[in-house]
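*Asks:* The structure is given below, and queries will be raised subsequently.
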Ligand SMILES: NC(=O)c1ccc[n+]([C@@H]2O[C@H](COP(=O)([O-])OP(=O)(O)OC[C@H]3O[C@@H](n4cnc5c(N)ncnc54)[C@H](O)[C@@H]3O)[C@@H](O)[C@H]2O)c1
């Protein structure tokens, strides 16, 4: 990876992946892009930045040629809850965007990182320690685009030798950028509300168990799989990765160890609850461990402590 393009860079993952890549490969080597406009006061922090709509092949091609890009981290996408609200747009952005990125990658010999998700599984998938290779019959538009995306990445590798790689992320917890319309957003919002109001109303049932990961581990996963020795990779795309598995109730109990007055109520959002109910409780990540030495650092206790410290500092700085 010498010259990197990140699409959807202003989202929850990109806001932290861009600085992590720049720290590793050099600022000028990592081009951030998004369909959103960067505010004038933020331009210096984002530079080099280009507006790129990932459904527009010409725009992707222009930035790849201009900066001699050899690796694309393709993060632009609609997340699970938003995709259920707008399934047609989700198909256009998630599938149309990936297809065009892969086509540009094929013509320009770029490697591609594609983040799939636990949303690529469905109600007929084994729920506990979900295997790497298993039944994938998702019942959401998001899931459909993730399974199709995994297969398309495999196809571009076997058919055109494009160096496609990727992971299936669980729900991601972070404090830099807000969560972007996913089913696991509660696990981010709860920290903001705990610090601001000592109360939170969860939109998932208190016993809804889902797989989760803290952002520093998610960044390690993305960079780790792209830097992996290709000769060791059997799967290449859609590696299961996981760090912890918890329910809203268990997360609230962990927060209460630091903020004893914290209280959580529940008001279920049927749409997001139905999505959560169709997803696994926990993933088996042994393929990632065996093929590229994946190993997470943060468990629930360490993540909660770090999130509260970092978020408190951020909130008091902006107060
Ligand atoms: N955050 C999670 O918990 C999670 C979990 C599993 C997988 N993922 C996957 O990781 C990727 C990034 O997720 P995220 O949480 O950063 O998402 P996000 O919603 O926070 O950010 C997505 C970014 O894409 C941009 N975007 C939307 N449409 C675009 C287009 N047509 N062209 C260019 N940019 C566009 C948005 O402006 C936004 O900045 C997605 O593919 C998502 O499915 C995320």
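A short reminder: the numbers here are calculations on the coordinates, not readings from a lab. Here the structure is a predicted model, which means the values were calculated and not measured. In this analysis, Cβ positions are derived from the backbone assuming ideal geometry, glycine residues included, and neighbour counts consider all displayed protein chains.
*Asks:* Could you work out how far apart the two model spin labels at residue 56 and residue 306 are, taking each label as a point 7 Å from the Cα in the direction of the beta carbon, and quote it in nm?
*Replies:* Distance between the two pseudo-spin positions: 3.7 nm.
*Asks:* Taking a temperature of 10 °C and a viscosity of 1.306 mPa s, what whole-number D in µm²/s does Stokes-Einstein yield for segment 160-213 with Rh from Kirkwood over alpha carbon pairs? Walk me through the intermediate numbers first.
*Replies:* Details: Rh = 13.1 Å.
After rounding, the answer is 121 µm²/s.
*Asks:* Sorting 247, 158, 55 on the 10 Å Cβ count, fewest up front, what's the list?
*Replies:* Working: 247 17, 158 11, 55 20.
Ranking 247, 158, 55 by Cβ neighbours within 10 Å, fewest first, gives 158, 247, 55.
*Asks:* How many Å³ per residue does the convex hull of the Cα positions in segment 252-295 occupy?
*Replies:* Working: hull volume 5.1 nm³, N = 44.
Output value, Cα hull per residue: 117 Å³.
*Asks:* How many percent of all Cα-Cα pairs in the chain sit more than 34 Å apart?
*Replies:* On the way: 9726 of 50721 pairs.
Cα-Cα pairs in the chain separated by more than 34 Å: 19 percent.
*Asks:* Could you give the nm distance between label points at residue 160 and residue 286, where each point is 7 Å from its Cα heading toward the beta carbon?
*Replies:* It is 3.5 nm.
*Asks:* Would you mind telling me the antiparallel percentage of the DSSP bridges in segment 1-80, rounded to 5? Write down the numbers at each step before the final one.
*Replies:* Working: 0 of 10 bridges.
Given both bridge residues lie in segment 1-80, the antiparallel proportion sits at roughly 0 percent.
*Asks:* Here's something else I'd like to know. Run the simple label-point estimate for residue 250 and residue 133 please: 7 Å along Cα→C-beta, distance reported in nm.
*Replies:* 2.9
*Asks:* Take the alpha carbon atoms of segment 182-196, find their center, do the same for segment 52-99, and report the distance between the two centers in whole angstrom.
*Replies:* 27
*Asks:* For 213, 244, 1, what's the fewest-to-most ordering of other Cβ within 10 Å of each Cβ?
*Replies:* Working: 213 26, 244 23, 1 18.
Least to most surrounded, the residues fall as 1, 244, 213.
*Asks:* Quick one: length gained pulling residue 258 to residue 43 fully straight, 0.36 nm per residue minus the C-alpha distance?
*Replies:* 73.7 nm
*Asks:* Determine, for each peptide in 168-180, 304-316, the mean count of other beta carbons within 10 angstrom over its residues, then list the peptides with the highest first.
*Replies:* Details: 168-180: 22.2, 304-316: 16.0.
The peptides rank, most packed first, as 168-180, 304-316.
*Asks:* Assuming R0 = 30 Å, can you tell me the calculated FRET efficiency for the pair residue 151 and residue 205, based on Cβ-Cβ distance, to the nearest 0.05?
*Replies:* Numbers: r = 32 Å, r/R0 = 1.07.
Approximately 0.40, to the nearest 0.05.
*Asks:* Still on this model: Hey, fewest Cβ within 10 Å first, where do 266, 89 land in order?
*Replies:* Lowest to highest Cβ neighbour count: 89, 266.
*Asks:* Hey, another quick one. Would you kindly state how much longer the chain becomes between residue 317 and residue 66 on full extension, computed as 0.36 nm times their sequence separation minus their alpha carbon distance, in nm to one decimal?
*Replies:* Numbers: separation 251, 0.36 × 251 = 90.36 nm, distance 3.78 nm.
This chain segment gains 86.6 nm when fully extended.
*Asks:* Compute the long axis of helix 141-160 from its Cα atoms, compare it with the longest principal axis of the Cα atoms of the chain, and write down the angle in degrees, 0 to 90, nearest 10.
*Replies:* That helix lies at roughly 30 degrees to the long axis.
*Asks:* Let me ask you something else. Binning every alpha carbon pair distance of segment 172-307 at 5 Å from zero, what are the percents per bin?
*Replies:* 2, 10, 19, 21, 19, 13, 8, 5, 2, 1, 0
*Asks:* In whole Å, what are the Cα extents of segment 1-131 along the three principal axes, biggest one first?
*Replies:* Over segment 1-131, Cα extents along the principal axes are 45, 32, 29 Å.
*Asks:* Moving on. With every atom except the alpha carbons ignored, what do you get for Rg and Dmax of segment 112-159, in angstroms?
*Replies:* Rg and Dmax of segment 112-159, Cα atoms, are 11.1, 33 Å.
*Asks:* Under the rule of -39500 (n - 2.57) per DSSP H run of 4 or more residues, summed and divided by the residues of the chain, what mean residue ellipticity at 222 nm is obtained, to the nearest 500 deg cm²/dmol?
*Replies:* Details: 13 runs with 136 residues, N = 319.
The helix contribution divided over the chain gives -12500 deg cm²/dmol.
*Asks:* Let me ask you something else. Taking the chain as a Gaussian network, Cα atoms linked when under 10 Å apart, which of 211, 42, 299 shows the biggest mean-square fluctuation?
*Replies:* 42
*Asks:* Moving on to the next point. For the Cα atoms of the chain, what angle does the longest principal axis make with the long axis of helix 14-25, in degrees from 0 to 90, nearest 10?
*Replies:* 60
*Asks:* Report Rg/Rh for segment 73-114, rounded to two decimals, where Rg is the Cα radius of gyration and Rh the Kirkwood radius. The partial results should precede the final answer.
*Replies:* Details: Rg = 11.5 Å, Rh = 10.8 Å.
Using Cα coordinates only, the ratio equals 1.06.
*Asks:* Something else: Work the Kirkwood hydrodynamic radius out for segment 79-186: mean of 1/r over every pair of different alpha-carbon atoms, inverted, in Å. Provide the component values of the computation, followed by the final result.
*Replies:* On the way: mean 1/r = 0.0680 Å⁻¹.
The answer is 14.7 Å.
*Asks:* In whole angstrom, note down how far apart the Cα centers of segment 233-276 and segment 113-164 are.
*Replies:* 21
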